[in-house]
1. Do we have any residue at all in the range 301-319 that's part of a helix (DSSP H, G or I) and open to solvent by less than 30 Å² (accessible area, probe 1.4 Å)?
2. Count, please, the residues in the range 171-201 that happen to be more than 12 Å from residue 243 (Cβ to Cβ), part of a helix (DSSP H, G or I) and under 31 Å from the mean Cα position of the chain (by Cα).
3. Can you pull out the residues in the range 269-300 that are part of a strand (DSSP E or B), of a type in the set (A, V, I, L, M, F, W, C) and within 15 Å of the ligand (Cβ to nearest atom)?
4. What pairs come up if the first residue lies in the range 383-403 and is of a type in the set (D, E, K, R), the second is in a helix (DSSP H, G or I), and their beta carbons are under 8 Å apart, counting only those six or more places apart or on different chains?
5. With respect to residue 416, determine if the residue is crowded, with 19+ Cβ neighbours inside 10 Å and more than 22 Å from residue 463 (Cα to Cα).
6. Quick check on the range 27-36. Is at least one of its residues outside any helix (DSSP H, G or I) and free of Cβ contacts under 8 Å to residues at least 12 places away in the same chain?
7. What's the number of the condition residue 230 fails, among (1) at negative phi; (2) within 16 Å of the ligand (Cβ to nearest atom); (3) open to solvent by less than 10 Å² (accessible area, probe 1.4 Å)?
8. Can you tell me which of 96, 143 is open to solvent by less than 30 Å² (accessible area, probe 1.4 Å) and not basic (Lys, Arg)?
Amino acid sequence: MSTAARIDHLSRPAATLDPQDWDELRAQGHRMLDDMIDYVAGIRDRPVWQPMSEATRGRFRSELPRAPTDLADVYRDFNEFVVPHATGNVHPGFMGWVHGGGTVVGMLAEMLAAGLNANLGGRDHAPIEIERQVVDWTRQLFGFPPGASGLFVTGTSMANLMAVLVARRAALGAAVRQQGLGEPGRRLRAYTSTAAHGCIAKALDIAGLGSDALGCIRTDAAHRIDISALRTAIAQDRNAGLHPFLVVASAGTVDIGAIDDLAAVAEFCRGEGLWFHVDGAFGALAMLSAELAPKLAGIEQADSIALDFHKWGQVPYDAGFLLVRDGERHRETFASPAAYLRRETRGLAAGAEWPCDLGPDLSRGFRALKTWFTLRTFGGDALGTMIANSCALARELEALVLAESELELLAPVNLNIVCFRYRADDADLINREIVADIHESGIAAPSTTTLDGRLAIRAAIVNHRTQRADIARLVAAVLSFGRQRAAGLTPLLQIESPPLAL
Ligand SMILES: *Cc1c(COP(=O)(O)O)cnc(C)c1O
């Protein structure tokens with residue numbers, strides 16, 4: 001190639017992934033934004049959930065695309081085949097598991113975050129300051145000291161795992177990071193209640209301690225950890241030469257929303273020299289409500305708290321969070337030097353400390369932005385009121401269940417979760433069918449759990465859109481499907497959901 005030809009070649013723009021026609025892209029983007037706002041605004045007109053046909057499922061099976069497809073065509077597929085078959089947790093009738101409802105504010109913030117495409121592993125830029133701000137707000141909410149540290153993660157499962165690792169490092173010292181658990185590590189024992197979330201046992205497993213290192217302590221009638229049983233188990237383990245190091249209390253159990261006596265657990269852990277971690281996945285944010293906060297008394301004494309902004313906080317998925325009282329303990333668990341991650345005192349490589357020193361992830365998205373937007377635009381008080389409203393609705397549902405002779409309440413209502421069922425012979429089977437019938441009808445989406453060996457319909461009121469009419473609709477559906485199932489009939493299910501726009 002001649003020099004002239006080479007220069008000509010270099011001056012031609014290379015193919016980027018940016019659009020050829022920005023105006024066309026802008027118009028398409030605005031359509032997508034409008035459709036999604038309409039979707040949320042009109043969510044009540046849709047079924048909560050509807051099953052996928054085999055034909056729809058088939059739309060998701062193809063060869064890796066090698067050639068380009070028009071954005072408008074890809075969007076049409078999303079619209080036709082994905083939107084009608086989403087989980088349904090945006091809908092006020094969704095009461096299954098513990099799912100947040102999301103907000104349009106959070107959605108818009110997520111779009112802005114994707115535009116900036118920030119990597120929050122470290123370095124000196126404003127997105128890191130946003131995360132630090134949310135960490136500090138969370139620290140204030142739980143009354144933690146200024147030396148506390150915090151970090152956005154995927155969810156509470158990850159935050160609980162990280163808390164186990166911080167407690168493990170605190171118990172075994174620096175050697176565990178180079179030498180692994182060794183003999184001292186094999187003697188570590190952690191404790192939680194039988195009502196704790198399954199991710200606690202999984203965390204012990206992943207941390208190399210094994211799930212057998214978790215003592216599951218019985219609960220009292222209110223589903224709270226029995227402190228005297230905890231004391232006995234720990235004394236026995238110490239006598240057997242084991243090394244108790246961690247107690248995980250629940251602030252909102254997944255089954256019924258029970259809150260352990262956190263002040264009593266705190267005092268016990270202090271006396272025994274144990275790490276006191278709180279799994280507050282959904283319940284911890286009840287601190288935003290002046291009415292509910294007293295139920296969490298003692299949480300301010302925790303060594304660490306795991307929580308999800310994506311549940312009661314209504315921040316779009318995912319936005320889990322870990323808060324650690326002693327930031328130094330947190331840092332010494334995860335920080336590790338690397339030449340290519342050298343910190344400077346000026347330039348983009350400045351800005352210590354870097355969030356990658358506080359967790360397993362190096363590259364990290366901008367989860368903090370949607371949380372910052374949510375906390376700022378609504379304010380903590382309105383979020384607290386919304387959380388208290390969920391609990392008021394749960395009490396209304398409890399009252400409806402108690403007033404209905406065909407229904408039976410299966411657990412006390414502490415917060416926002418109501419466990420009940422339709423009375424019938426073979427009630428486990430009938431209630432499992434009732435829940436599937438309700439899902440397929442599109443009317444609501446409760447889930448199930450097992451309490452004292454009995455299958456319960458479980459309604460967790462988490463969505464800020466849920467109202468009294470939605471509660472009444474759930475009860476009416478349980479009664480209607482219950483009567484049909486008890487009579488041996490197969491209910492007729494209808495309802496179909498339109499795509500976003502045609
Ligand atoms: C949801 C939940 C978890 C798990 O949190 P993820 O965000 O789903 O990982 C853990 N504990 C409790 C009590 C929960 O409700």
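The values are calculated or read from the model by the stated rules, or taken from the named source; none is laboratory data. Note that the structure is predicted; figures quoted are calculated from it, not measured. Heads up, the Cβs are rebuilt from the backbone with ideal geometry, glycines too, and the neighbour counts pull from every protein chain shown. Areas reflect the complete protein model, heavy atoms only, side chains present, ligands, DNA and RNA absent. Shrake-Rupley method; radii C 1.70, N 1.55, O 1.52, S 1.80 Å.
1. No, every residue in the range 301-319 fails to be part of a helix (DSSP H, G or I) and open to solvent by less than 30 Å² (accessible area, probe 1.4 Å).
2. 5
3. 278, the sole residue that qualifies.
4. Hits for this filter: 396/468; 396/471.
5. Considered against the rule, which asks whether it is crowded, with 19+ Cβ neighbours inside 10 Å and more than 22 Å from residue 463 (Cα to Cα), residue 416 comes out as no.
6. Checking the range 27-36: not a single residue is outside any helix (DSSP H, G or I) and free of Cβ contacts under 8 Å to residues at least 12 places away in the same chain.
7. Unmet for residue 230, out of (1) at negative phi; (2) within 16 Å of the ligand (Cβ to nearest atom); (3) open to solvent by less than 10 Å² (accessible area, probe 1.4 Å): (2).
8. Sole residue among the options that is open to solvent by less than 30 Å² (accessible area, probe 1.4 Å) and not basic (Lys, Arg): 96.
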